[in-house]
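Note sheet for the following structure.
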Amino acid sequence: MEHPALEDSSPPQKVVAICASAGGLSALSQVLSALPANFPAAITVVQHVSPHYPSMMADILSRRTKLPVVQVRPGDYLRTGTVYIAPPDHHLLVNADGSLSLSHSELVHFVRPSADLLFESVAASFKQQAIAVVLTGMGSDGAMGVRAIEEMGGTVIVQDYKTAEFGGMPEAAINTGVVDLVLPLNEIAPALVKLVAVEVKG
């Protein structure tokens, strides 16, 4: 799928970083489909998928949301109102200038792409304007990264693990004690809309 024309879009002031693993496609579809076409932030996504096959996730999600969805390529820059999917077997990092980097460095907690690395890079680059979202999945990826988001003044949202298809990743994030909102899946998109609509102060 070709990248949509993004030249007219403005660089984002806020960045939402979402991670998911097992059960993630359904959860991501529900969250992204409920966001408006004029959503005023960029969205980065780490979904654990097989490293051995091309991912169709960007194509699938683009049919389920009003927002353009792209699989990240080297040299891409964040743009407001666009969803960026980490490609299989590559870590996704967000830089302070809004550029995106892909890395094939070692696995983190047995996974690549790693939510922890994405969250840490978003926290360092966007500080209080960073929002992390942990959705369904097994394991603990994301738990280390949400600490970085919290330390830099960002916001952490976690799907209620009791309602998640797989509760491991949400529960690990909640157990850090730094989570701002624990919500059922259908309340995450409205919460994001409220968070990104808040005027940037100072």
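The values are calculated or read from the model by the stated rules, or taken from the named source; none is laboratory data. Worth saying up front: this structure is predicted, and the values here are computed from it rather than measured. Reconstructed Cβ throughout: ideal geometry from the backbone, glycine too, with neighbour counts over all protein chains shown. SASA here: full protein model, heavy atoms, side chains in, ligands and nucleic acids out. Shrake-Rupley method; radii C 1.70, N 1.55, O 1.52, S 1.80 Å.
Among the residues of the stretch 172-179, is there at least one that is part of a helix (DSSP H, G or I), open to solvent by 30 Å² or more (accessible area, probe 1.4 Å) and either within 14 Å of A27 (Cβ to Cβ) or of a type in the set (S, T, N, Q) (or both)?
no
Taking the condition touching a residue at least 24 places away in the same chain (Cβ under 8 Å), of a type outside the set (A, V, I, L, M, F, W, C) and not in a helix (DSSP H, G or I), does P113 pass? Yes, satisfied. Under the condition of being closer than 18 Å to L135 by Cβ and part of a loop (DSSP other than H, G, I, E, B), which residue from the stretch 40-75 is most open to solvent (accessible area, probe 1.4 Å)? Checked the stretch 40-75; the qualifying residue most open to solvent (accessible area, probe 1.4 Å) is R64. Return a yes/no flag: does the stretch 140-148 have any residue that is open to solvent by less than 20 Å² (accessible area, probe 1.4 Å), in contact with a Ser or Thr (Cβ under 7 Å, 6 or more places away or on another chain), at pLDDT 95 or above and of a type outside the set (A, V, I, L, M). There is at least one residue in the stretch 140-148 that is open to solvent by less than 20 Å² (accessible area, probe 1.4 Å), in contact with a Ser or Thr (Cβ under 7 Å, 6 or more places away or on another chain), at pLDDT 95 or above and of a type outside the set (A, V, I, L, M).
The residue list A124, A132 contains one member that is outside any loop (DSSP other than H, G, I, E, B), small (G, A, S), open to solvent by 50 Å² or more (accessible area, probe 1.4 Å) and modelled with pLDDT of 95 or more, which is A124.
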